[in-house]
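Here's the structure we're looking at; comments come further down.
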Amino acid sequence: MTFSYQGKDYPYTISLGFAAYPDQGVSREELLNKADAALYAVKMTGKGTMAAYHPDMVKEGRAQLGFNLRDLAVNLPGAFFIYRADDGKIIFANRELLRITECSSMEVFIEFIGRKVKGLIAPEDYAEAVESCDQQVGNSDDAVAHMVKNPYFGEIYYVILSPKPDQK
């Protein structure tokens, strides 16, 4: 399926996992866990389908990882953020970036920097920072930024912030 916004088509799929009350659970938590297991089973077999929970469904893949994307974003050491290449708009910042900018929430962070990457950099350091990032973007082991094409946001950068070697 697709939807159109401002003249551009965006593709999407819908996957659904569900559990039935009261046969498969009576508490909200039990039903959500079983619906999540059914959704995970659907996603492991492809996209754009649905399935009802049944006892054979086990979240083996998730059990092996032991964490989800939110856990990673919140607990990963070091500051990182994601921004759109076309306008420099920050679309994600992790908790560590909020901490080092002394912002109590994402809303405060956005107000503080104006939602743009440029707001994170002192004006006198901006040209040097852009040049340094341009040299470090890529797939090498020492890259601090990586640009990818995202179907929803276009070209985006994933950026890890680290101190200069003399600041460690």
R0 of 35 Å, Cβ-Cβ distance LEU161-ALA52: FRET efficiency to nearest 0.05: 0.20
Among 11-17, 38-44, 94-100, the order from most to least packed when residues are scored by Cβ within 10 Å on average: 38-44, 94-100, 11-17
Built amide H within the under 5 Å cut-off of GLY114, gap 5+: none
Extension gain from VAL130 to ILE100, taking 0.36 nm per residue of separation minus the Cα-Cα distance: 8.8 nm
Formal net charge of residues neighbouring LEU98 (Cβ-Cβ distance under 13 Å; K, R +1; D, E -1): -2
Pairs from LYS34/LYS116; LYS34/LYS89; LYS8/LYS116 whose Cα-Cα separation, in the structure shown, is over 32 Å: LYS34/LYS116; LYS34/LYS89
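No lab work stands behind these numbers, since they all come straight from the coordinates. Fair warning: this is a prediction, and the values are worked out from it, not measured in the lab. Neighbour counts run over all protein chains shown; Cβ positions are idealised from the backbone, glycine included.
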